[in-house]
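Single-structure report; data block below.
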Amino acid sequence: MGVLTKALVLISMVVCLTSVAHALSGQAIVSSPPYTPSTCYGSRYQGVMIAKQHISMLANGKACGRRYQVRCLSGTNKAIRNACTGNTVDVKVIGSCQKCGPNELVLSQDAFAKIANVNLGRVNINYEQI
C-alpha cells in the first residue's frame with residue numbers, strides 16, 4: 001500500500017470514529033398531532049419532521065431550530081424484532097417536553113414512522129446534531 005493510500009485510510013477511520021463519538025444515546029417517544037402551539041414557534045407551523053426535548057436541554061430557547069439526525073437502535077423490549085426500519089430521520093427541535101427525560105426526544109408521528117414501528121411508542125436511539 002502506498003503512503004497516500006495509508007493516509008487516506010487513517011483519515012477515514014478518524015472521521016468515522018469522531019462522528020460515532022458525537023452521537024448521543026437515548027430514547028425516542030412518538031407524539032400524535034397537533035404539534036402547535038410549540039414552545040419555540042408558538043402557532044407557526046414547522047412541518048412534521050419535528051422533535052421536542054427535555055426543558056433542560058432547550059437551553060432557554062437556544063436549542064430552538066436545532067436539527068438532529070436520529071437512528072433507531074432497537075425496541076425498548078429486546079424481544080421485539082424488526083422494531084427499526086433501518087432509516088434515519090432529520091428533525092427540527094420545536095419545543096420542550098415536560099414529561100420526558102434529558103436523553104429523550106419526542107418525535108412527531110411522521111418522524112417516528114421513518115425510523116421505527118409507530119405502534120411501539122418508544123425505541124432506543126442514537127442522535128446527533130447536524
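The rows are residues; the columns are (1) modelled with pLDDT of 95 or more; (2) on the phi < 0 side of the Ramachandran plot.
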| residue | (1), (2) |
| --- | --- |
| 20 | no, yes |
| 29 | yes, yes |
| 42 | yes, no |
| 49 | yes, yes |
| 69 | yes, yes |
| 124 | yes, yes |
| 127 | yes, yes |
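In region 47-67, the residues that are under 10 Å from residue 93 (Cβ atoms) and among the small types (Gly, Ala, Ser) form Cβ pairs under 6 Å with partners that are in a strand (DSSP E or B) and at pLDDT 95 or above, at six or more places apart or across chains, as follows: 51/91; 51/93; 51/105; 51/107; 63/93. On inspection, residue 97 fails the criterion of being in contact with a Cys (Cβ under 8 Å, 6 or more places away or on another chain), touching a residue at least 40 places away in the same chain (Cβ under 8 Å) and within 22 Å of residue 129 (Cβ to Cβ). Against the test of being at pLDDT 95 or above and of a type in the set (Val, Ile, Thr), the options 36, 88, 76 yield a single qualifying residue, 88.
The values are calculated or read from the model by the stated rules, or taken from the named source; none is laboratory data. It should be emphasised that the depicted structure is a prediction, and the values quoted were computed from it without experimental measurement. Using ideal geometry, Cβ is built from the backbone for each residue, glycine included, and neighbour counts are taken over all protein chains shown.
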